[in-house]
Amino acid sequence: MSNPVFSRSDVFGEPRRTGAAGARRGGTATYPNQTPAYGTPPQAGQYGQYGGQQPMDASDLDAMYQSPSATTADTKRMTYDDVIIKTGGLLALLVVVAAATWTLVPPAMLSTVMWIGLIGGLVLGLVNAFKKNPSPALIVAYTVFEGAFLGAISLVYSQLAQGAVPQAVIGTASVFAVSLFLFKSGKVRVTPKFTRWLMFALLGYALFSLVNFVLLMTGVLDDFGMRSGPLGVIIGLVAVGLAAASLIVDFDSIKRGVEAGVPAKMAWAAAFGLLVTLIWLYLELLRLVTIISSFGSD
């Protein structure tokens, strides 16, 4: 998987625990402390004399039959609604912090706030990505740091290119919608070959970005470095395409998690994973719009 939030998780993606082999053959993998999925045959020791429970009589069976079916809330499993609500909440917090940074931070402090947000977001992003059990507090803290960083850097880009921020926001929403449509319609299918291609492409892009960053920090190059001019536009479009492909893989990971009946708390990890990809996509579009606008100012 491309997103470490999902690829390193034991519950998103391909089952890797007890019962995984059966799941690959069409069965259902189970996770610790998880209620078996509907239709799963009872295991030895689960019911009756093997489990130490008394056999049910006719009245007990009738009461069970008349009772309402258990919902995902009753079984403590993750649902799409859980992911949507948590993702929406994190995005709202991100926008509020970014707007506050944009309007309240003095110009003299803008660079400091941007670096604090960048470093804090990077550290907390790595911590959250490698945690097996999601921490809502750490995910919220990550969102706050990223909001401060995005607010500061968006203000900088808006001074370089008028209208860059609203264009990047609209572009992010559009790419998200198109990626979701392609995934839901089945026009783009997440296969092992697709994920391997994406992984190698992301590694290559990360290496290029690192080299470009070092050249900029050391003063060897200026402006956007190797991303200046027409080449920068091409690289920017490739980066946006990679981010869109990453979103599709994220959607597939969430779908696997819901179908496998993962614990409800994993909705926080899913929301965090989507937020990471969306922030990356927004930054790529913000840079791309600014590079394109620089052609008219030359």
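Quick look at the numbers
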{"quantity": "Anchor Lys131: lysines whose Cα lies under 19 Å away (excluding residues fewer than 8 positions away in-chain)", "calculated": "Lys86, Lys265"}
{"quantity": "Among 264-276, 197-209, 234-246, the order from most to least packed when residues are scored by Cβ within 10 Å on average", "calculated": "264-276, 234-246, 197-209"}
{"quantity": "Accessible surface of segment 157-298 [probe 1.4 Å, protein heavy atoms]: carbon and sulfur percent", "calculated": "70 percent"}
{"quantity": "For Arg77, residues with placed amide H under 5 Å, excluding near neighbours", "calculated": "Ala264"}
{"quantity": "Residue-by-residue Karplus 3J(HN,Hα) for segment 77-94, coefficients 6.51, -1.76, 1.60, Hz, glycine and proline x", "calculated": "9, 6, 10, 4, 4, 4, 5, 5, 5, 5, 5, x, x, 5, 5, 4, 4, 4"}
{"quantity": "Rounded if a/c under 1.5, otherwise prolate or oblate - segment 83-178, Cα gyration tensor axes", "calculated": "oblate"}
{"quantity": "Sequence of Val249, Val113 when ordered by accessible area, the most exposed leading, probe 1.4 angstrom", "calculated": "Val113, Val249"}
{"quantity": "Accessible solvent surface per residue of segment 146-232, calculated while the other protein chains remain in place, 1.4 angstrom probe, Å²", "calculated": "60 Å²"}
{"quantity": "Proximal lysines relative to Lys187, as straight alpha-carbon distance under 24 Å, when same-chain residues fewer than 8 apart are discounted", "calculated": "Lys255"}
{"quantity": "Computed accessible area, Glu259, all protein chains, 1.4 angstrom probe, square angstrom", "calculated": "120 Å²"}
{"quantity": "J(HN,Hα) series, segment 121-129, from Karplus relation 6.51 cos²θ - 1.76 cosθ + 1.60, nearest Hz, glycine and proline x", "calculated": "x, 5, 5, 5, x, 5, 4, 5, 5"}
{"quantity": "Cα centroid separation - segment 185-201 against segment 247-298, whole Å", "calculated": "16 Å"}
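The values are calculated or read from the model by the stated rules, or taken from the named source; none is laboratory data. The structure displayed is predicted, hence computed values, not measured ones. Virtual Cβ from ideal backbone geometry, glycine too; neighbours counted across all protein chains shown. For accessibility, only protein heavy atoms count, side chains too; no ligands or nucleic acids. Shrake-Rupley method; radii C 1.70, N 1.55, O 1.52, S 1.80 Å.
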